Amino acid sequence: MVDIHSHILPEVDDGPKSWDVSIAMCRMAAADGITHQVATPHANDRYAYDREYLKDLLSELQQKTGNSPRLSLGCDFHLSYDNLKDAFAHPDRYAIEGTRYLLVEFSNFSIPRNTTDSFLKLGDCGLTPIITHPERNPILRESPQRVVEWAEQGCVVQVTGSALTGFWGERSRRAAQWLLEHQAVHVLATDAHDTEKRVPVLSTARAAAAQLCGEGIAEVLVEGNPRAILESQPLPYFPRPTPAASYRKSN
């Protein structure tokens, strides 16, 4: 399995606070069957994103953990005016290493009106947005039709694996399931932060997805699609979302 969203670097954001925890997270991921993990530190008002420093940190972590799992660098990119301005000028700074894919995180308090235009401009810069954990966003989980619309426009949608198993509560679980049923989920990832609660484990999510949509789709959500992202290739599984009736009425 391939995990494209995790916070495994020590002392850079709200992830692990020590090297020991970072190393333990990598070992936990490897034991779960994750062969490649992307470290995605936050880039927002609270946490500065220094790509060169983070590259050195990732290299040190790889040396400490060996080759299992293999590690790459990405970014948990907060959708803000300043971030977008910098990404338009330096698209490689925030993308997953060696690719044209960019993880995009929304605020819990508002969704910018010009979001669709921003996604189009990122596309003009050669970047494909990956919308992260919409099922956990208080706004989007109540109106996931908006996520379906962005998927129709070519955005990739990444759901947190543990949302399918109920870790984030019933509302998030229902929203994640609804997006899966409407063929608007392309990747499952851990968004891991530690070894106790937000853990680097994908196997349980894969099993939950298999029950909902079959083993073949579950496999592509944790292996085929995320590996294509690492290789900066089109996703092998990118269906046209099914027509989305009102989420509130259907739930």
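All of the numbers you see were taken from the coordinates with simple rules; none came from a lab. All figures in this text were calculated on a predicted structure; none of them were measured in a lab. No Cβ is skipped: glycine too gets one built from the backbone with ideal geometry, and neighbour counts run over all protein chains shown.
How much of the calculated P(r) for region 25-123 lies past 22 Å, in percent of all Cα pairs?
Numbers: 1755 of 4851 pairs.
Tail of the P(r) past 22 Å holds 36 percent of the pairs.
Averaging over all projection directions, find the projected area of the Cα convex hull of region 129-251 and quote it in nm² with one decimal place. Spell out each step's value before the answer.
Values: hull surface 28.4 nm².
Mean projected area for region 129-251: 7.1 nm², to one decimal.
So what is the relative contact order of region 2-250, in percent, for Cα pairs below 8 Å that sit 6 or more residues apart?
Working: 479 pairs, mean separation 49.1, N = 249.
20 percent.
Which one, (i) 50; (ii) 41; (iii) 47, gives percent of Cα pairs over 24 Å apart as derived from the coordinates shown?
For percent of Cα pairs over 24 Å apart, the calculated option is (ii).
Under the definition of Cα pairs under 8 Å and six or more residues apart, what whole-number percent is the relative contact order of region 157-251? Don't jump to the answer; show the numbers that get you there.
On the way: 121 pairs, mean separation 25.0, N = 95.
Relative contact order comes out at 26 percent.
Given the chain, what count of lysine pairs have C-alpha atoms under 17 Å apart, with each pair 8 or more places apart or on different chains? Before the final figure, lay out each step's value.
Working: 17/64; 17/197; 55/64; 85/121.
Going through the chain pair by pair, I get 4.
So how far apart, in nm, are the two label points at residue 80 and residue 153 if each is 7 Å from Cα heading toward Cβ?
That separation, rounded to one decimal, is 2.2 nm.
Nearest 500 deg cm²/dmol is fine: what mean residue ellipticity at 222 nm does the chain get from its DSSP H runs of n ≥ 4 alone, each adding -39,500 (n - 2.57), divided by its residue count? Write down the numbers at each step before the final one.
Working: 11 runs with 98 residues, N = 251.
So the helix-based figure for the chain works out to -11000 deg cm²/dmol.
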